[in-house]
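Have a look at the structure below before the remarks.
Read-outs: derived from the displayed coordinates by stated rules, not from any lab. This is a predicted model, so every value here is computed, not measured. In this analysis, Cβ positions are derived from the backbone assuming ideal geometry, glycine residues included, and neighbour counts consider all displayed protein chains.
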Amino acid sequence: MNTNSRIRYIGKPLVFFACLVPALLVFGDAFELTGRLGANPIEEIQDRFGNWGLRFMMIVLAVTPLRRWTNLHWLTRFRRMLGLFAFFYVLMHFLTWLVLDQSLYLPGIGEDIAERPFITIGVIALILLTAMAVTSSYGIRRRMGRRWNQLHYSAYVVGILGVWHYWWQVKLDATEPLVYAVILSVLLGSRIFARQRTMARAGA
């Protein structure tokens, strides 16, 4: 079995299941099959989905630097799946707020989006993620050409907005948002450094 076959028939199913585990645990805890959600279950569900959405965004952004540092080019074969899981968890985070927390009360939802900045930037991040998820297939990528690359470069914007959203949301301990901010800074700095090296070589 060659590398492509191993990735397709072994690697991708294993990664898919691993990415699904956090969601299964949320649902398991909600029905008290795998644990409990605590005193405020809606907030716990929302926080878990949001945290995993941000974690998957960091993982997606780490794929290219890891490939560059390790020469393991097959890592990029998992990027689309990881990106779709980032979208899934952020969407579940939003739907938990929309349905369970706000009970689909549209006037209150509109007011929160307009008047609470951390919700505003969270919604913007979700819109960008939705656009990337909808255009993630290889067929659409070929049809969009350069526009596809321009759109999907906004993954870094989503990462920044996600960290910003988390930072503004916490009221006391900002340790976790700070950790994400440091990780994002390293990944973004790596991208900028690689691009500058490429431009320098092209100009040489």
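Neighbour counts of other Cβ atoms within 10 Å put Lys171, Lys12 in the fewest-to-most order Lys171, Lys12. Where in the chain are the helices, taken as whole DSSP H runs, whose Cα atoms extend 18 angstrom or more along the long axis and whose Kyte-Doolittle mean reaches at least -0.5? Those that pass (Cα extent of 18 Å or more, hydropathy at least -0.5) are 12-30, 41-70, 79-95, 117-134, 155-169, 175-203.
Placing dummy labels 7 Å off each Cα toward the beta-carbon, the span from Thr120 to Arg80 is 3.6 nm. Model label sites at Asp101 and Ile192, defined 7 Å from Cα along the beta-carbon direction, differ in position by 3.1 nm. Note on segment 1-60 and segment 116-169: Cα centroid distance 20 Å, given to the nearest whole angstrom. Approximating the spin labels as points 7 Å out from Cα along Cα→Cβ, the Leu25-to-Arg68 distance works out to 3.1 nm. Restricting the chymotrypsin sites (Phe, Trp or Tyr not before Pro) of segment 95-204 to loop positions (DSSP other than H, G, I, E, B) with no more than 11 neighbouring Cβ atoms within 10 Å leaves Tyr153.
Judged by the gyration tensor of its Cα atoms, with axes a ≥ b ≥ c, segment 9-159 is oblate; a/c meets the 1.5 cut and b/c is at least as large as a/b. The Cα atoms of segment 1-76 give a gyration tensor whose axes a ≥ b ≥ c have a/c of 1.5 or more with a/b no greater than b/c, which makes the shape oblate. How would segment 108-204 be classified by its alpha-carbon gyration tensor: rounded, prolate or oblate, with rounded meaning a/c under 1.5 and the a/b versus b/c comparison settling the rest? Here segment 108-204 falls in the oblate category.
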